[in-house]
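Structure record follows, encoded as structure tokens.
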Amino acid sequence: MPQAVQGVIAPAKGAAVELTTIVVPDPGPGEAVVQVQACGVCHTDLHYREGGIGEDFPYLLGHEAAGVVEAVGDGVTEVVPGDFVILNWRAVCGQCRACRRGRPWYCFDTLNAAQPMTLEDGTQLSAALGIGAFAEKTLVHAGQCTKVDPAAPATAAGLLGCGVMAGLGAAVNTGGLSRGDSIAVIGCGGVGAAAIAGAHLAGAAKVIAVDIDARKLETARSLGATHTIDASSSDVVKEIKAATGGFGADVVVDAVGRPETYKQAFYARDLAGTVVLVGVPTPEMTLELPLQHVFGKGGSLKSSWYGDCLPSRDFPLLIDLYLQGRLPLDEFVSETIGIGDVEAAFDKMHSGDVLRSVVVL
Ligand SMILES: NC(=O)c1ccc[n+]([C@@H]2O[C@H](COP(=O)([O-])OP(=O)(O)OC[C@H]3O[C@@H](n4cnc5c(N)ncnc54)[C@H](O)[C@@H]3O)[C@@H](O)[C@H]2O)c1
Ligand SMILES: [Zn+2]
Ligand SMILES: [Zn+2]
């Protein structure tokens, strides 16, 4: 029997989100219905609402979640009802050209549920990143469910489903950061702060946090930043160079995703250093750089989709590190909120009041 549950939708470009009744079908072959326990509010949800990702309204928002598998469809072997899982937006297909070449973290044909969730009148919903977890229950592909140790609370575990994994992976997987390296992270919201925590975990020698908000810099310090730079009042490139013997950082992560922050990242790295763009730009943004500088600086300019993670490899590992006290996921949870409070959480994100608001169901 399809189930009617409460969910948060973005009805139209720029319009406030609404809590409404959605219909979740029974799981078909390869699918699972998950009872959502917690779902973080990520900046990407706001991008969806503002039409920055696509025009397939209405969107069912929420994509950074953990919960318990309620039911599975035919042929599902990955999980069984009762499993505690983190939802991922990289259920790898095993068949595409990336998967076949042994690079499944780039999978170009990731799996989502085949059936749509709908409004009560039958209108099909587009689930944000194929998840849609600001909802009491959601329908996903079973491969989107990654089983982890249930000793971790859902509020912390869910964060690995997007922002924390994206930021930590941007530094460690995409940036290839290792012991003794220097890193600067521009923008220390949920994603950038996770890059800081990841850099600390990886043994970086210098971890430079950059933000326009002093509160974010304070949190970055507690997560392992060795230097902080207030971008609202200082020359970011100059300060990063000053903190790295005049040379620039080995890796600079842009966790904002604007032309001006990208240029800062580009010029604040050492020769042969790496820029990692993890912040998501919007369609009107363009970038102009002297080609000679692109050549002269050398190194690599990379983008990081979901921290180049492989959920089956990374989620259980990072949950284990959390349970050992080595990855302070709880510090990312600024507040827990109800499912009706997502719009207010967007306001708090804008005003910089939170690292993560987490909806608890
Ligand atoms: N690539 C991916 O796979 C992926 C995954 C999740 C999120 N994201 C993207 O990452 C970005 C960050 O997400 P978030 O949830 O951390 O957002 P957030 O709003 O919590 O954090 C953004 C931070 O950037 C700071 N900031 C804004 N302008 C700045 C500037 N000019 N200089 C320095 N700091 C500045 C803000 O003060 C804030 O602390 C978003 O664009 C989001 O869509 C990407
Ligand atoms: Zn694939
Ligand atoms: Zn996200």
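The values are calculated or read from the model by the stated rules, or taken from the named source; none is laboratory data. Being a predicted model, the structure only gives us computed values, none of them experimental. Positions of Cβ are generated from backbone atoms using ideal geometry, with glycine treated the same way; all protein chains shown enter the neighbour counts.
If the condition is being in contact with a Cys (Cβ under 7 Å, 6 or more places away or on another chain) and in a loop (DSSP other than H, G, I, E, B), then the range 90-127 contributes Arg90, Val92, Cys93, Cys96, Cys107, Phe108, Asp109, Thr110, Leu111. So, in the range 330-352, of the ones that are in contact (Cβ under 8 Å) with a residue 24 or more places away in the chain and of a type in the set (D, E, K, R), which residue ends up farthest from ligand 1 (Cβ to nearest atom)? The selected residue is Asp330. Whether any residue in the range 202-222 is over 23 Å from Trp305 (Cα atoms), in contact with a helix residue (DSSP H, G or I) (Cβ under 7 Å, 6 or more places away or on another chain), without any contact (Cβ under 8 Å) to a residue 24 or more places away in the chain and charged (D, E, K, R) is what I want to check. Looking for residues that are over 23 Å from Trp305 (Cα atoms), in contact with a helix residue (DSSP H, G or I) (Cβ under 7 Å, 6 or more places away or on another chain), without any contact (Cβ under 8 Å) to a residue 24 or more places away in the chain and charged (D, E, K, R), one finds none in the range 202-222, hence no. Checked against the criterion of being surrounded by fewer than 23 Cβ atoms within 10 Å (Cβ to Cβ) and modelled with pLDDT of 95 or more, the candidates Gly62, Gly52, Gly67, Gly75 yield just one match: Gly75.
Considered as a group, the residues in the range 305-327 that are outside any loop (DSSP other than H, G, I, E, B) and within 16 Å of ligand 2 (Cβ to nearest atom) include one that is surrounded by the fewest Cβ atoms within 10 Å (Cβ to Cβ), and that residue is Arg313. Pairing each residue of the range 317-329 that is within 13 Å of Val172 (Cβ to Cβ) with any residue that is aliphatic (A, V, I, L, M) and assigned to a loop (DSSP other than H, G, I, E, B), provided the two are 6+ apart or on different chains, yields C-beta distances under 7 Å for Leu318/Leu327; Leu321/Leu327.
Residue by residue, here is whether (1) under 18 Å from Ser126 (Cβ atoms); (2) in contact with a Phe, Trp or Tyr (Cβ under 6 Å, 6 or more places away or on another chain); (3) aliphatic (A, V, I, L, M) holds:
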residue: Pro25; (1), (2), (3): yes, no, no
residue: Asp56; (1), (2), (3): yes, no, no
residue: Leu60; (1), (2), (3): yes, no, yes
residue: Gly73; (1), (2), (3): no, no, no
residue: Phe84; (1), (2), (3): no, no, no
residue: Val92; (1), (2), (3): no, no, yes
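Residues in the range 204-256 that are part of a loop (DSSP other than H, G, I, E, B) and farther than 22 Å from Leu271 by Cα: Ile212, Asp213, Leu223, Gly224, Ala225, Ala231, Ser232, Ser233, Ser234, Val256. Looking across the range 30-73 at every residue that is of a type in the set (Asp, Glu) and within 16 Å of ligand 1 (Cβ to nearest atom), the one that is farthest from Met165 (Cα to Cα) is identified as Glu50.
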